[in-house]
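Here the structure is laid out as structure tokens; the discussion comes afterwards.
The values are calculated or read from the model by the stated rules, or taken from the named source; none is laboratory data. Computed from a predicted structure; not experimentally measured. Every residue, glycine among them, receives a Cβ derived from its backbone with ideal geometry; neighbour counts consider all protein chains shown. The protein model used for the area step is the full one, side chains on, heavy atoms only, and it has no ligands, DNA or RNA in it. Shrake-Rupley method; radii C 1.70, N 1.55, O 1.52, S 1.80 Å.
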Amino acid sequence: MRVAVAGCCHGELDKIYETLALAERRGPGPVDLLLCCGDFQAVRNEADLRCMAVPPKYRHMQTFYRYYSGEKKAPVLTIFIGGNHEASNHLQELPYGGWVAPNIYYLGLAGVVKYRGVRIGGISGIFKSHDYRKGHFECPPYNSSTIRSIYHVRNIEVYKLKQLKQPIHIFLSHDWPRNIYHYGNKKQLLKTKSFFRQEVENSTLGSPAASELLQHLQPAYWFSAHLHVKFAALMQHQATDKEQAGRETKFLALDKCLPHRDFLQVLEIDHDPSAPEYLEYDVEWLTVLRATDDLVNVTGGLWNMPEDNGLHTRWDYSATEEAMKEVMEKLNHDPKVPCNFSMTAACYDPSKPQTQVQLVHSINPQTTEFCAQLGITDINVMIQKAKEEHHVCGEHEQQGDLGTDGSEEDRSEYNTDTSALSSINPDEIMLDEEEEEEEEAVSAHSDMNTPSVEHSSDQASDLSTSFSDVRNLPSSMFVSSDDASRSPASGEGKSGDTVGSGDEKDSAEFPLKRLSNEHEPEQRKRIKRRNQAIYAAADDEAGGE
């Protein structure tokens with residue numbers, strides 16, 4: 001099965017699908033599945049833009065709304081997770097996952113599904129220690145604090161995923177697992193992104209929660225984005241008593257969707273030829289959801305998951321055979337994910353832009369149907385009830401503000417924060433204090449003018465080669481010779497094709513992009529950079545093909 005993986009999408013669906021089509025024409029065959037590693041930006045209208053945690057100047061409608069309205073349809077089944085720049089009010093409607101548009105599926109806060117027998121899991125958001133032990137208390141209209149905390153990973157999602165026992169083939173996260181950079185070409189990473197050096201040397205770059213999941217799940221593949229650089233690594237896990245040899249995880253992070261960047265990779269993934277060619281629920285995951293339903297928390301207070309410490313009557317919520325049979329009965333022995341997409345908000349109309357659209361906390365019928373079938377709680381219904389009782393989005397707003405700013409209680413089992421780097425990533429949208437002061441608090445009636453083990457460097461080097469086998473890009477994304485620096489690589493690779501330059505070069509070499517402001521002083525406190533592609537200019541520069 002040919003699987004394409006995309007890094008940060010930033011709403012550029014048209015460009016991603018166009019690039020994918022070109023890769024299919026140049027490659028050995030059609031792509032069966034597209035996986036997107038966050039910052040998807042499923043923006044339906046102007047109200048959704050106000051729920052995206054970026055300064056106003058970065059709020060652009062992009063092209064998702066065309067797929068939401070039915071004007072266009074995704075040419076390939078697309079599965080994505082959330083990042084830290086999302087239309088959070090839209091994704092909040094689907095905490096357990098669901099269709100955001102025909103043929104485009106969101107995995108939810110955390111989730112596992114199957115496609116052609118391949119188990120695909122993922123967790124949305126980024127890690128912040130001060131919000132990690134809170135419940136999901138946020139709801140629209142968001143304030144300046146909750147518009148950010150809404151996408152912070154919570155311990156309950158990690159806890160649920162750690163109940164899984166059956167092997168995971170592919171796992172998606174937005175931010176990288178902490179310490180994964182020690183298993184790849186760290187020297188080249190720091191050459192490309194020199195401002196990561198302090199975090200890499202201190203082993204504080206990345207998510208400790210994702211690292212915990214990596215150690216537990218040990219998937220065959222782990223894909224990430226967020227740091228806007230392509231990076232491959234190979235992690236050899238320690239063998240268990242039942243295994244003669246430990247498992248391997250092939251890690252790949254990809255860049256954002258811009259010209260001259262490594263944002264798309266095509267891989268050959270083994271699958272079950274007898275498995276159905278449609279998306280299926282994962283029965284073990286649904287069983288865990290049922291078992292942990294009583295643990296759902298919608299307050300902003302800090303709390304811990306049950307563990308075997310003598311304080312809890314139950315701490316093992318893993319799926320039993322009997323419990324999985326019960327879930328299959330609830331599914332009528334048909335795990336197929338229903339194609340039950342429905343619009344829950346008005347779609348953007350370019351001919352009739354709305355400068356003022358009311359924000360509402362919506363209940364999505366997909367989630368209602370899913371929860372009713374499984375017999376679990378809709379988190380949004382709980383939040384609405386608690387809101388009426390002034391338990392969330394009211395008196396807890398102040399607590400949320402304090403926690404997210406880290407000025408009060410900032411405790412978790414992880415003693416350092418991550419994903420918001422202490423050094424500056426020039427490629428990342430900075431939500432600095434100056435820009436926050438410019439923004440008004442997000443409200444239902446606010447208006448906005450819408451603009452458009454052992455570290456094996458040798459193995460990791462081999463993997464990096466296999467992840468960069470063939471490079472095919474449309475002319476708008478050619479890598480010019482002065483942009484490309486060459487890195488020697490050894491070994492053979494068969495994993496897939498990077499969508500990149502169309503040059504007929506040695507497949508053992510792959511371009512690593514030059515950072516445009518690489519030589520700026522590292523002590524610079526804030527760097528602002530526009531985060532949209534001017535594709536027409538890139539086309540002119542490349543000269544077409």
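Looking at Gln163, Gln198, Gln244, Gln238, which is the one that is at negative phi and outside any loop (DSSP other than H, G, I, E, B)? Spell out how you get there, then give the answer.
Numbers: Gln163 fails: outside any loop (DSSP other than H, G, I, E, B); Gln244 fails: outside any loop (DSSP other than H, G, I, E, B); Gln238 fails: outside any loop (DSSP other than H, G, I, E, B).
Every option except Gln198 fails the conditions.
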Checking the structure you have, find out if any residue of the range 172-191 is part of a helix (DSSP H, G or I), among the hydroxyl-bearing types (Ser, Thr, Tyr) and over 28 Å from Leu289 (Cβ atoms). yes
Filter the range 153-174 for residues that are in contact with a Lys or Arg (Cβ under 8 Å, 6 or more places away or on another chain) and more than 20 Å from Met324 (Cβ to Cβ); the one that is surrounded by the most Cβ atoms within 10 Å (Cβ to Cβ) is Val153
Taking the range 230-264 and the residues there that are polar (S, T, N, Q) and open to solvent by 10 Å² or more (accessible area, probe 1.4 Å), the one that is modelled with the highest pLDDT would be Gln236
Checked pairs for the range 122-141, first open to solvent by 10 Å² or more (accessible area, probe 1.4 Å), second basic (Lys, Arg), C-beta under 7 Å and 6 or more apart or across chains, list as His136/Arg154
When Arg59 is run through (1) farther than 19 Å from Asp349 by Cα; (2) touching a helix residue (DSSP H, G or I) at 6+ places or on another chain (Cβ under 6 Å); (3) at pLDDT below 95, the failure sits at (1)
Within the range 7-42, residues closer than 16 Å to Arg261 by Cβ and of a type in the set (Lys, Arg) come out as Lys15
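Yes or no, residue by residue, for (1) assigned to a loop (DSSP other than H, G, I, E, B); (2) modelled with pLDDT of 95 or more; (3) surrounded by fewer than 24 Cβ atoms within 10 Å (Cβ to Cβ):
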site: Val5; (1), (2), (3): no, yes, no
site: Glu18; (1), (2), (3): no, yes, yes
site: Leu22; (1), (2), (3): no, no, yes
site: Arg25; (1), (2), (3): no, no, yes
site: Gly29; (1), (2), (3): yes, no, yes
site: Gly38; (1), (2), (3): yes, yes, no
site: Gln41; (1), (2), (3): yes, yes, no
message: Condition (residue is over 16 Å from the mean Cα position of the chain (by Cα), assigned to a loop (DSSP other than H, G, I, E, B) and more than 16 Å from Ala6 (Cα to Cα)) applied to the range 76-89: is it met by at least one residue?
response: no
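On the basis of being more than 24 Å from Ala291 (Cβ to Cβ), touching a helix residue (DSSP H, G or I) at 6+ places or on another chain (Cβ under 7 Å) and not in a loop (DSSP other than H, G, I, E, B), does Ala232 make the cut? Don't jump to the end; show me each part of the working.
Details: more than 24 Å from Ala291 (Cβ to Cβ): yes; touching a helix residue (DSSP H, G or I) at 6+ places or on another chain (Cβ under 7 Å): yes; not in a loop (DSSP other than H, G, I, E, B): yes.
Taking the combined requirement at face value, the residue satisfies it.
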* **Any chance Leu227 is surrounded by 24 or more Cβ atoms within 10 Å (Cβ to Cβ) and more than 27 Å from Thr320 (Cβ to Cβ)** => yes
